[in-house]
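One structure below.
The values are calculated or read from the model by the stated rules, or taken from the named source; none is laboratory data. Only a predicted model underlies this, so the values are computations on that prediction, with no experimental measurement involved. Quick reminder, even Gly has a Cβ in these numbers, built from the backbone with ideal geometry, and neighbours come from all protein chains shown. SASA here: full protein model, heavy atoms, side chains in, ligands and nucleic acids out. Shrake-Rupley method; radii C 1.70, N 1.55, O 1.52, S 1.80 Å.
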Amino acid sequence: CKEKRNIDEVIKYYKGYNILDNIIKIEQAKIITNHYQPVRSLLRLKDGRFASFGKDKTVRVFNPSNNYNCEQVIERHIDKENLFVSDRIHSICQLDDGTIVASTHDYAIMIGDYSIEKAHKGHISKVLTLPNNRIASCSDDGTIKIWNSVPPYSATPIKVLEGHSSSVNSILYIKEKDVLISGSSDETLRVWSMSTYKCETVLKGVECCDANAMYQIDSDRVIVGGDLEVSIVNMDKCEIEKKIKRDIPIGIHCFVKLRDNKTIVWGCDGGIFCFYDMNTGKWKIKEKNHENTINDLLMIDDNTFISCSSDNTIRVWKY
């Protein structure tokens, strides 16, 4: 490839190669059935393992290098006032020191064993970590809140971000631009500076249907899933780069980009995978990967990804 002619041939081959004809042949390597209720989401941990959580009120930790065996179960959490185990876990993230942060159905955020009760006035869709010892959370109450993530903890947020007129379904931090993106049922995408906490941009007409329905493709682009369409947003230009409407009306709940760097897998209603080629704009649907909605996707290595579903399972896929 030292000669330009050879490089051009490689590029021509790469662009013309139709990976969709091959990727559709993915094989299921393992079914994990430790959860007994719908599995909501997946999180890569700092030690190389991954965690899953959902309606069975547990966080479960699995080790890919140990045949995906479950090595830890964390039960969350006890409502001390009413003495009952609260409903499902909606979201988790992990601090730099390894501490698990969880949001629960009773509007609480738990940082380790510390609980911020009534952190929001509605269901907390997602929590994630931010630089400088902060946590962000979003909620059905239409707000995003920024919290301190180091002791002494406080039940008072550092900042409350307001502007959405409906539920905030998801948030995503873009490290390269130090901004937080929020997707809402009001069909707007808002871009918030994490240095000033001000809303810099409002993009209208972007559907965001779920907590995992926003995914960073690269330093400039984010893909967002809705009930009827998918939007690709260019963060550098602050505009909708592309809208993808599908022939089949299925909700898109999650994404993962494969290591070929050109294919994005969409996790959809009805256990459907959709493989989207970013170079050609074409896609192919593969059905019956799960018995119910696919809620999250996560890369494990160069040719392995995992999915979790409302059918109570986590599945390992090889391609």
Checklist outcome for this item: In degrees, nearest 10, the alpha-carbon axis of helix 4-16 is tilted away from the dominant principal axis of the alpha carbons of the chain by 70 degrees
Checklist entry - Ignoring ligands, DNA and RNA, how do C274, C209 rank by accessible area with a 1.4 Å probe, largest first? => result C209, C274
Next on the checklist: List the trypsin sites (Lys or Arg not before Pro) within segment 98-169 that DSSP assigns to loop and that have no more than 12 neighbouring Cβ atoms inside 10 Å.
Outcome noted: K118, K121
Checklist entry - Once amide H atoms are placed 1.01 Å from N in the peptide plane, what residues at a sequence separation of 5 or more from G54, or on another chain, have their amide H within under 5 Å of its amide H? => result R40, I89
Item to check | Nearest-0.05 FRET efficiency for A155 and I244, computed from C-beta distance (R0 30 Å) | outcome: 0.10
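Sorting T129, T304 by accessible area (1.4 Å probe), largest first, what list results? Write down the numbers at each step before the final one.
Details: T129 55, T304 0 Å².
Sorted descending by solvent-accessible area, the residues read T129, T304.
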Checklist entry - How much of the accessible area of segment 120-248, probe 1.4 Å, is carbon plus sulfur, in whole percent? => result 45 percent
Checklist entry - L297's amide H: which non-local residues (gap 5+, or another chain) put their own amide H closer than 5 Å, with H modeled 1.01 Å from N in plane and none for Pro or chain starts? => result F255
Checklist outcome for this item: Over the chain, with neighbouring protein chains present, the accessible area per residue in Å² at probe 1.4 Å is 46 Å²
Next on the checklist: Given the options M299, I74, P157, identify the residue whose Cα lies farthest towards the positive end of the charge dipole of the chain (+1 on Cβ of Lys, Arg; -1 on Cβ of Asp, Glu).
Outcome noted: M299
Item to check | When each of K25/K46; K25/K262; K242/K284; K145/K243 is checked by Cα-Cα distance, pairs over 26 Å | outcome: K25/K46; K145/K243
Checklist entry - So how strong a dipole does segment 71-218 carry about its Cα centre when Lys and Arg Cβ are +1 and Asp and Glu Cβ are -1, to the nearest 20 debye? => result 420 debye
Item to check | Expected 222 nm ellipticity per residue - DSSP helices of 4 or more, -39500 (n - 2.57), all of the chain, to 500 | outcome: -1500 deg cm²/dmol
Item to check | In order through segment 155-164: 3J(HN,Hα) via Karplus (6.51 cos²θ - 1.76 cosθ + 1.60), integer Hz, x for Gly, Pro | outcome: 7, 9, x, 5, 7, 10, 9, 10, x, 5
